[in-house]
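A short write-up of the structure that comes next.
The values are calculated or read from the model by the stated rules, or taken from the named source; none is laboratory data. Treat the numbers as computed from the prediction; the structure is a model and nothing was measured. Don't worry about glycine lacking a Cβ; one is built from the backbone with ideal geometry, like all the others, and counts go over all protein chains shown.
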Amino acid sequence: MSPGRGGRAFTLVELLVAIVLVIVIGAIALPVAMGFGARAVFGEACERVRIAGALARSEAIRRGFVVEAVAEEFRGGWRIVAVEARGESGDDAAGTAWREVLAELPAGCSVVIAGSGQGATDDPEAGTVLIARIRPGGAAAGMPGVRIAGPSGLWAGLTVNGWTGVFEVGAIKSGVEGDAPDRELAEAAGVAVADGLIK
């Protein structure tokens, strides 16, 4: 537009200021938006673990033997499987025991042992974590210190209600303040600890 007709054009300085503002707003908004995405993925992982627990419990009741819910590494990710507890049905050791995949976790999510609680079974070589043993009546014994770990440092405790056998996922947290007990648990689990936060 020509200046004589009452119109006004943008100057180069105004255009550069607008571009800088868009970049600054984008730099602030992008990490926030990515955090929402990480929470959504982690929420999905927690729901899959909870549902896998319900499926394992129903299999123990239906089949009439003790079932173990186990998290295992699989093709770069993690999945939850139900297996017949060793020696429960009298099958030989040749691997004829029952086994069923219950759920696969989204990429970036895993199941870990947060500490070395009594009875917790963690086999780093095989990449497996025993979550719970579920009896035929539906009651269960959950392993202490089991956590679901996700992207961006998100995690939640996983407990198993002993009477009902229901898997219960605790509040979703991001990092842990570096007090001594949490630091010891993290180091026992092989999680890096820096600047007072479990990374």
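With respect to the stated conditions, Val41 fails to be under 18 Å from Trp155 (Cα atoms), modelled with pLDDT of 90 or more and aliphatic (A, V, I, L, M).
Scanning region 22-50 for residues that are of a type outside the set (Gly, Ala, Ser) and under 17 Å from Val129 (Cα atoms), which turns out surrounded by the fewest Cβ atoms within 10 Å (Cβ to Cβ)?
Looking at the filtered set, the residue picked out is Arg50.
The criterion of at least 1 residues that are among the aromatic types (Phe, Trp, Tyr) and modelled with pLDDT of 85 or more is met by the following strands (runs of 3 or more DSSP E) wholly inside region 105-199: 154-160, 167-169.
Taking region 147-171 as the range and being touching a residue at least 60 places away in the same chain (Cβ under 8 Å) and crowded, with 21+ Cβ neighbours inside 10 Å as the test, the residues that pass are Ile148, Gly150, Leu154, Leu158, Val160, Gly165, Phe167.
Tallying residues that are within 18 Å of Arg147 (Cα to Cα) and out of contact with any helix residue (DSSP H, G or I) (no Cβ under 6 Å at 6 or more places or on another chain) within region 58-73 yields 5.
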